[in-house]
Amino acid sequence: MALEICIVAPGSRGDVQPYLALAVGFRVAGHGVRLVTTMDHGDLVREHGVEPWLAAIDVRAELDAPEVKRAVEGGGMVASFRHFAAIAERGAGLVAEQALAASEGADAILGGFGGVFLGSAVAARRGIPLIQAYNVPFTPTAAWPGALTPWLSFPPRALTHRLGHHIARQVLWLTARASGNGAIRTRLGSGGAPLLARFDSGVLGAGPVIYGLSPAAMGRPADWDAAIGMPGFWFLDEPEGWQPPADLLAFLDAGPAPVYIGFGSMVSENPEAAARVVLDAVQRSGSRAVIHAGWGGLAPGELPASVLAVGNTPHAWLFPRMAAVVHHGGAGTTAAGLRAGVPQVLVPHHGDQPFWGRLVHEKGVAPVAVPRTRMTAARLGAAITAAVGDAGMRARAAEIGAGVRAEDGVGGTVALVERALSRR
């Protein structure tokens, strides 16, 4: 039986892309899908054959404000989350209205960090289940530290790791509550949310909890309930008909595999200075490089012949052709690097990025992360040299990559949703 799924996924591209991958998966499986996101992602969603329901707020423009750049680049969790909450609050009512309209006739609402709070209120209004779908570990476990507290990892880890997860859940709940409580009261007729985090499925719509995480790369926690789904990462591959630009193909053919450097949606107060550090680091490492400007506007200026600047290029195509990938440590970019089977260098800025930096280092596929606040040409250059030159790291990355490529996280998630909703 064909389902109608409403996915609520506002935020930066890294917030939206995993849920667009799920939307494509539902559509390919013959289900109807409506994706609620913000206006700056309309073209991205359409080029993958999904019809967007767009809230009239531009997240990229909001993140471009000087005070937001300063907070993100400074790495402080409290400061950056305060700005993110303010942006979310400005858009919450608009997202809520689109979600309510898009959910008419839907069988379920699906959302992650950006959509679960508003989505739960819409699901309650419609009388349908909410599917909690996350691409960052969020359910307490002894296996990993909390996504926002990777430093909280010392014996007894069964205690410190679980404590970190509870802290992360409460921080994210309060952030979502501060930004969305007014919207769910005024736009959705809800009574508002309590102060203490309530992520148990009995409260949030009685739907399943699914993680877009790879058992091959991370291992499934032994202390998670069997009902929690973990089928693999959610990947969005290049749209049909996409072709790599000729200058990129020529550059790849002209020499040894380069390193990729890009910081995704991370904004920068001084992109020219950041670019100078990056170019100096590349020169120190002796590598060739492909640099992506991203939302931070990494501005390399005049480039040597060993460096090429590129626009948006699908990671699924580009990363396997790299000697290593240097990035900010977003969940989706980290997953793409793991699937590609190449070493990584993480430059965490804020949020869950230090968690991913720690994880890939412990898995043996990356040197110690270089925090953005401590990024110098010498540190970054040394990390690139280590990633490119370590044969053991390359072998371990290739081994994990083969395991990740054997999984079907999107297809597995679709199947879990189909099974859960068929029981209703």
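The figures follow:
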read-out	value
Residue pairs meeting the criteria (Cβ under 9 Å; at least 6 apart or on separate chains; first on the phi < 0 side of the Ramachandran plot and in the same structural domain as Asp58 (by TED's automatic domain parsing), in region 90-109; second among the aromatic types (Phe, Trp, Tyr) and surrounded by fewer than 24 Cβ atoms within 10 Å (Cβ to Cβ))	Gln98/Trp53; Ala99/Trp53; Ala101/Trp53; Ala102/Trp53
Subset of region 390-424 [in a helix (DSSP H, G or I), surrounded by fewer than 18 Cβ atoms within 10 Å (Cβ to Cβ), modelled with pLDDT under 95 and not polar (S, T, N, Q)]	Arg419
Selection from region 33-58 of residues that are touching a residue at least 12 places away in the same chain (Cβ under 8 Å) and of a type in the set (Asp, Glu)	Asp40, Glu47, Glu51, Asp58
Test result for Leu279, assigned to a helix (DSSP H, G or I), of a type outside the set (D, E, K, R) and crowded, with 19+ Cβ neighbours inside 10 Å	yes
Failed criterion for Val116 (all others in (1) surrounded by 20 or more Cβ atoms within 10 Å (Cβ to Cβ); (2) farther than 18 Å from Ala331 by Cβ hold)	(2)
Failed item, numbered, when Gln132 is tested on (1) at pLDDT 95 or above; (2) crowded, with 23+ Cβ neighbours inside 10 Å	(1)
Qualifying residue in region 367-380 (condition: touching a residue at least 24 places away in the same chain (Cβ under 8 Å), touching a Leu at 6+ places or on another chain (Cβ under 6 Å) and in the same structural domain as Phe263 (by TED's automatic domain parsing))	yes
Qualifying position, being out of contact with any strand residue (DSSP E or B) (no Cβ under 7 Å at 6 or more places or on another chain), on the phi > 0 side of the Ramachandran plot and modelled with pLDDT of 80 or more, among Gly297, Gly286	Gly286
Checking Glu302 against (1) at negative phi; (2) part of a loop (DSSP other than H, G, I, E, B); (3) crowded, with 16+ Cβ neighbours inside 10 Å; (4) modelled with pLDDT under 85, the condition it does not meet	(3)
Residue within region 1-9 that is in a helix (DSSP H, G or I) and either hydrophobic (A, V, I, L, M, F, W, C) or surrounded by 18 or more Cβ atoms within 10 Å (Cβ to Cβ) (or both) present	no
Checking Gly14 against (1) surrounded by 24 or more Cβ atoms within 10 Å (Cβ to Cβ); (2) under 24 Å from Leu213 (Cα atoms), the condition it does not meet	(1)
Selection count, region 359-389, where residues are in contact with a strand residue (DSSP E or B) (Cβ under 9 Å, 6 or more places away or on another chain) and outside any loop (DSSP other than H, G, I, E, B)	8
Residue in region 210-220 that is outside any helix (DSSP H, G or I), in contact (Cβ under 8 Å) with a residue 12 or more places away in the chain, under 30 Å from Ala397 (Cβ atoms) and among the polar types (S, T, N, Q) present	yes
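The values are calculated or read from the model by the stated rules, or taken from the named source; none is laboratory data. Since the structure is predicted, the reported quantities are computational estimates derived from the model, not experimental observations. No Cβ is skipped: glycine too gets one built from the backbone with ideal geometry, and neighbour counts run over all protein chains shown.
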